[in-house]
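Encoded as structure tokens, the structure appears first; notes follow it.
The values are calculated or read from the model by the stated rules, or taken from the named source; none is laboratory data. None of the values given here were measured: they were computed from a predicted structure. For neighbour counting, all protein chains shown are included, and Cβ atoms are generated from backbone atoms with ideal geometry for every residue, glycine included.
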Amino acid sequence: MNTQTEQYISSLITRSKELEPAPFLKTISNEFPNAVVFSSSFSFEDQVITHLIASQQLPIQIFTLDTGRLFAETYSVWNSTLERYQIPIKAYYPNQDSLEPFVESNGPNAFYASVDLRKACCHIRKVEPLKRALAGNQIWITGLRSAHSAARQGLDKIEWDQGNGIIKYHPILDWTNEQVADFIAANNIPYNPLHDKGFVSIGCAPCTRAIQPGEDFRAGRWWWEDANKKECGLHEHK
């Protein structure tokens, strides 16, 4: 990151603190025409942001990563979102030249065998497609919230993603669970029904379970692993 980019990010951080998410989304879409993208997994948070983008008819490309192992409920809310907002959502898929030999060599459920194989699976199904989705763009909007994990606390709403060479914006980083749920209800936004069954962080079906009362937000992801930091590689934080 050069000095000019660093100074601009500092300016964006200041302005993001002065504006609510909706007007700031409009601001960056005007400043970076056709170079702002939003990655949605159709989670509670992502549905809020989709609503903010669609209701203002902002020129922000929404995309999703279809790993091929998603819940049926995720595909249903994807379809409901298309019907509600009548906007395109671009899908990115794993590269078959990487996925096919991986599954052939390790089996369809290799991610249960070791952390290394799980990370390799995540890389093929999510990280590499993400890089294709972000290529050529300047702003990446995400649904990250501080409440998601300890690793996400202390983040700024605007940050530089060194691995992807792109500015990231987290519009609802400081929203509480209650704020998200209330916004969904007030605006009658389609959402994944798994959220009503104890699934708070929803990823691939084989790698996600509901959490129990008192468990950490991310406890339902890769629950068989002992690692303290449960990330798939999409968001790397110091």
Task: Selection count where residues are over 24 Å from Glu128 (Cα atoms) and of a type in the set (Val, Ile, Thr), scope region 37-76 - done: 2
- [ ] Considering only residues that are of a type outside the set (A, V, I, L, M) and part of a helix (DSSP H, G or I), look in region 59-76 and name the one that is farthest from Lys90 (Cα to Cα).
- [x] Glu73
Open item on the list: Considering only region 94-110, I want to know if a residue exists there that is surrounded by 18 or more Cβ atoms within 10 Å (Cβ to Cβ) and over 21 Å from His170 (Cα atoms).
Closed with: yes
Task: Single residue of region 133-150 satisfying the filter (of a type in the set (A, V, I, L, M, F, W, C) and more than 15 Å from the chain's Cα centre (by Cα)) that is modelled with the lowest pLDDT - done: Ala150
Task: helices (runs of 4 or more DSSP H) fully within region 90-141 counting 2 or more residues that are touching a residue at least 12 places away in the same chain (Cβ under 8 Å), touching a helix residue (DSSP H, G or I) at 6+ places or on another chain (Cβ under 8 Å) and of a type in the set (A, V, I, L, M, F, W, C) - done: 96-106, 115-122
Open item on the list: If I go through region 214-233 residue by residue, how many of them are touching a strand residue (DSSP E or B) at 6+ places or on another chain (Cβ under 9 Å), in a loop (DSSP other than H, G, I, E, B) and at pLDDT 75 or above?
Closed with: 3
Open item on the list: Exactly one condition in (1) crowded, with 17+ Cβ neighbours inside 10 Å; (2) more than 20 Å from Val127 (Cα to Cα); (3) out of contact with any helix residue (DSSP H, G or I) (no Cβ under 8 Å at 6 or more places or on another chain) is false for Val48; which is it?
Closed with: (3)
Task: Scan of region 152-175 for residues that are more than 24 Å from Ala133 (Cα to Cα) and within 17 Å of the chain's Cα centre (by Cα), ordered by number - done: Gln153, Asp174, Trp175
Open item on the list: Can you report the number of residues in region 44-62 which are among the hydrophobic types (A, V, I, L, M, F, W, C) and touching a Leu at 6+ places or on another chain (Cβ under 9 Å)?
Closed with: 5
TODO: Kindly provide the set of residues from region 70-86 that are under 20 Å from Ala210 (Cβ atoms) and aromatic (Phe, Trp, Tyr), ordered by number.
DONE: Phe71, Tyr75
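Okay, residues lined up against (1) loosely packed, with under 12 Cβ neighbours inside 10 Å; (2) farther than 30 Å from Leu82 by Cβ; (3) in contact with a Pro (Cβ under 6 Å, 6 or more places away or on another chain):
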{"site": "Thr3", "(1), (2), (3)": "yes, yes, no"}
{"site": "Tyr8", "(1), (2), (3)": "no, yes, no"}
{"site": "Ile13", "(1), (2), (3)": "no, yes, no"}
{"site": "Ser16", "(1), (2), (3)": "no, no, no"}
{"site": "Pro21", "(1), (2), (3)": "no, no, yes"}
{"site": "Phe24", "(1), (2), (3)": "no, no, no"}
{"site": "Ser29", "(1), (2), (3)": "no, no, yes"}
{"site": "Ser40", "(1), (2), (3)": "no, no, no"}
{"site": "Phe44", "(1), (2), (3)": "no, no, no"}
